[in-house]
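Trainee: Quick one: this structure, given as structure tokens, is what I'll be asking you about.
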Amino acid sequence: DGGITQSPKYLFRKEGQNVTLSCEQNLNHDAMYWYRQDPGQGLRLIYYSQIVNDFQKGDIAEGYSVSREKKESFPLTVTSAQKNPTAFYLCASTERGYSPLHFGNGTRLTVT
Amino acid sequence: DQQVKQNSPSLSVQEGRISILNCDYTNSMFDYFLWYKKYPAEGPTFLISISSIKDKNEDGRFTVFLNKSAKHLSLHIVPSQPGDSAVYFCAARSGGATNKLIFGTGTLLAVQP
């Protein structure tokens, strides 16, 4: 079945540690996105990539980094510079043009 | 500054009745609007969309209405079913080729049996 896989579903880290969230898609989609969901704030765009080896900052990119070395993979690193990293992280992908985003099932990151 | 607003955090309706979820936006350059449904601990799933050149789009029990002059869109679910209970997000695309979506804060719909 085609889809987007995010792993792990739950992740716990100590403050000051970098952590990488995995996102893999087998939909052959060109574009991939990372969103963050916080209670009462909807989904906010962190980074997006429209093509391999290229990516752009979204609205809240500070403290995050990404790479896009393969079409099917778009990992997100939450660095120690991110002030409030505890959140629900959602990866999405889409074909180019006017098409809805397809989302993975998310990773809940808790930093203590 | 919230460009896409869902002013009702929650809505409760009886099974079989109509559910109306509302969304307001501020940016007249948005060219495409979408509704997503989300269950807890899962990713949102696409429900229905509408282009800014239309004022209505229907898909089964779901209809989206767009009022550009009022910068308002709404999602109607008729008849509502208990399985419709979820958080509903409206989203707007800012135009261009990037397909970036700006999401509202969501409305929790509870359909009572």
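Trainee: Any idea what diffusion coefficient the protein assembly as shown gets from Stokes-Einstein, in µm²/s, Kirkwood Rh on alpha carbon pairs, 4 °C, 1.567 mPa s?
Mentor: The Stokes-Einstein estimate is 72 µm²/s.
Trainee: Follow-up question, since we're still on this one. Per residue of A:67-76, what is the mean number of Cβ atoms on other protein chains within 10 angstrom of that residue's Cβ?
Mentor: 0
Trainee: Contact order normalised by length for the range B:18-57, with contacts defined as Cα pairs under 8 Å and 6 or more residues apart; what percent is it?
Mentor: 33 percent
Trainee: Would you mind giving the mean number of other chain beta-carbons within 10 Å of the Cβ of each residue in A:36-43, as a whole number?
Mentor: Mean number of neighbouring Cβ atoms from other chains: 5.
Trainee: Ok, one more. How much of the DSSP bridge set in chain A is antiparallel, in percent, rounded to the nearest 5?
Mentor: Around 90 percent of the beta bridges assigned by DSSP in chain A are antiparallel ones.
Trainee: Looking at the square roots a ≥ b ≥ c of the eigenvalues of the Cα gyration tensor of the range B:5-45, which shape do they give, rounded for a/c under 1.5, prolate if a/b is larger than b/c, or oblate?
Mentor: oblate
Trainee: Okay, moving on. Net charge near A:Thr110, counting Lys/Arg +1 and Asp/Glu -1 over other residues with Cβ under 14 Å of its Cβ?
Mentor: Residues near A:Thr110 contribute +3 overall.
Trainee: Could you work out how far apart the two model spin labels at A:Tyr10 and B:Ser28 are, taking each label as a point 7 Å from the Cα in the direction of the beta carbon, and quote it in nm?
Mentor: Spacing of the two 7 Å Cα→Cβ label points: 5.0 nm.
Trainee: Continuing with the same structure: Determine Rg/Rh for the range A:37-112; Rg is computed over alpha-carbon atoms and Rh is the Kirkwood hydrodynamic estimate from the same atoms.
Mentor: 0.95
Trainee: Go through the range B:39-50 residue by residue and turn each phi into a ³J(HN,Hα) via Karplus (6.51, -1.76, 1.60, θ = phi - 60°); whole Hz please, and just put x for glycine and proline.
Mentor: Once rounded to whole Hz, the list reads 8, x, 6, 10, x, x, 10, 5, 10, 6, 9, 8.
Trainee: So what are the three principal axis dimensions of chain B from its Cα atoms, in whole Å, longest to shortest?
Mentor: 42, 29, 22
Trainee: Separate question: Given points 7 Å out from each Cα along the Cα-Cβ axis, report the A:Leu27 to A:Val52 separation in nanometres with one decimal.
Mentor: That separation, rounded to one decimal, is 1.9 nm.
Trainee: Could you give the distance between the Cα centres of the range B:40-62 and the range B:85-107, to the whole Å?
Mentor: Answer, in whole Å: 10.
Trainee: Considering only the other residues whose Cβ falls under 9 Å of the Cβ of A:Asn28, what net charge follows from Lys and Arg at +1 and Asp and Glu at -1?
Mentor: -2
Where a number appears in this text, it was derived from the coordinates with a stated rule and is not lab data. Treat the numbers as computed from the prediction; the structure is a model and nothing was measured. Here the Cβ is made from the backbone with ideal geometry for all residues, glycine too, and neighbour counts use every protein chain on show.
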